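Remarks on the structure that follows.
The values are calculated or read from the model by the stated rules, or taken from the named source; none is laboratory data. What you see is a predicted model, and the numbers here were worked out from it, not measured in a lab. A quick note on method: Cβ atoms are made from the backbone with ideal geometry, for glycine too, and the neighbour counts reach across all protein chains shown. Calculation scope for accessible area: heavy atoms of the full protein, side chains included, ligands and nucleic acids excluded. Shrake-Rupley method; radii C 1.70, N 1.55, O 1.52, S 1.80 Å.
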Amino acid sequence: MKKAKQRIEKMILRIESVVGKKDIPLAALTREHARAYRDLRLKSVKAATVKREFNTIVAILNHAITEFDLQLANSFAKMKYPKGVVPTEAQEDKGKPFPDDILNAITERITTKSKNDARLIWQLLEGTGCRLNEIAGLRVEDVVIEHDYPHLSIQENRLRRLKNASSIRLVPLVGDTLKFAKEAAKIASTRSKYVNGDYLFPRYVGKTGSNSISKILMKHVRAITSDPALRTHSLRANMKGNLAEAGIEKSIRDMMQGHAVNDVGDRHYLGMGSRLKVFTDAMAQTQAYVAARRRKTITEGKIEN
């Protein structure tokens, strides 16, 4: 909460800097001010960060306009960006998936050469299709094992923000992925000596920790392939493709991976509990499909044992 307040206070200071004065009446804010804020921020931070800031500012202004019954347009709403600057969520997740043989080699290398944390983070990424910060920032309580449908609870916490509201979700743990989650939880239960002992991977929470685990995993990826389009995030592309090939409908795939779902009905036709059952069935179907595909590929001699 404190950090969120500080972020908003900094945004207000920047708005004041582009307007040129403090205590600005809402009616005095113009589209020109919004563009100036956009251009100022694009000079120093990633475009995706600018877009998130605009989402926050728009929400604050909309609230004020509604609460004070003002007949004003929101000058910061529907901001346009230079072509190619701000990635959409689909573009952010559009990546080149690992071919099976390369993925197998990387997983084998990480399994045999990494410490438990790095190995388990990779295995959970591969088995869930989550974003790296979503796995690295898990709390122990987010791993729900004793449940009819074991799962990870992806939500914001004091050391990890999420990309958007759609990222808040329950991710099923099926097959080997459940086994890896149990192992991680068991190891975490012995870590009271760490400052962040309530986290599943305490070394890798927070901004610095997330960057650290990213570098560790990428060293293993680059030891197997130099293709710049193949990176840790490619595991997410693998899951996206596997879900589609297994016949899972798009709205379910999108919700499972934390994408925004455009249709209101798709967002709300299932409660969270029912949604988890659907997700679990979809993941089991997908894992069965991938296993069958790999068996067929090995039989045909495309992958050597």
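Contact map, the stretch 56-78: residues that are at positive phi paired with residues that are surrounded by 13 or more Cβ atoms within 10 Å (Cβ to Cβ), Cβ distance under 9 Å, separation 6+ or inter-chain. Pairs shown: K78/V58. Among the criteria (1) over 25 Å from V278 (Cα atoms); (2) open to solvent by less than 30 Å² (accessible area, probe 1.4 Å), the one R222 does not fulfil is (2). Note on the stretch 123-167: among residues that are hydrophobic (A, V, I, L, M, F, W, C) and in contact with a His (Cβ under 8 Å, 6 or more places away or on another chain), the one that is surrounded by the fewest Cβ atoms within 10 Å (Cβ to Cβ) is V144.
Restricting to the stretch 15-43, give me the number of residues that are crowded, with 16+ Cβ neighbours inside 10 Å and assigned to a helix (DSSP H, G or I). If you could, list the steps in order and put the result at the bottom.
Narrowing the stretch 15-43 to residues crowded, with 16+ Cβ neighbours inside 10 Å: 15, 18-19, 29, 33-34, 36-38, 41-42.
From what is left, the residues that are assigned to a helix (DSSP H, G or I) are 15, 18-19, 33-34, 36-38, 41-42.
Matching residues across the stretch 15-43 total 10.
For the stretch 225-263, taking the residues that are buried (at least 17 other Cβ atoms within 10 Å of the Cβ) and among the polar types (S, T, N, Q), the one that is nearest to A291 (Cα to Cα) is identified as N242.
Name the residue, out of I252, I224, that is modelled with pLDDT of 90 or more and under 18 Å from T107 (Cα atoms).
Step by step, each of I252, I224 is checked, and only I224 is modelled with pLDDT of 90 or more and under 18 Å from T107 (Cα atoms).
Evaluating F98 against the criteria (1) within 20 Å of H220 (Cα to Cα); (2) part of a strand (DSSP E or B) leaves one unmet condition, (2).
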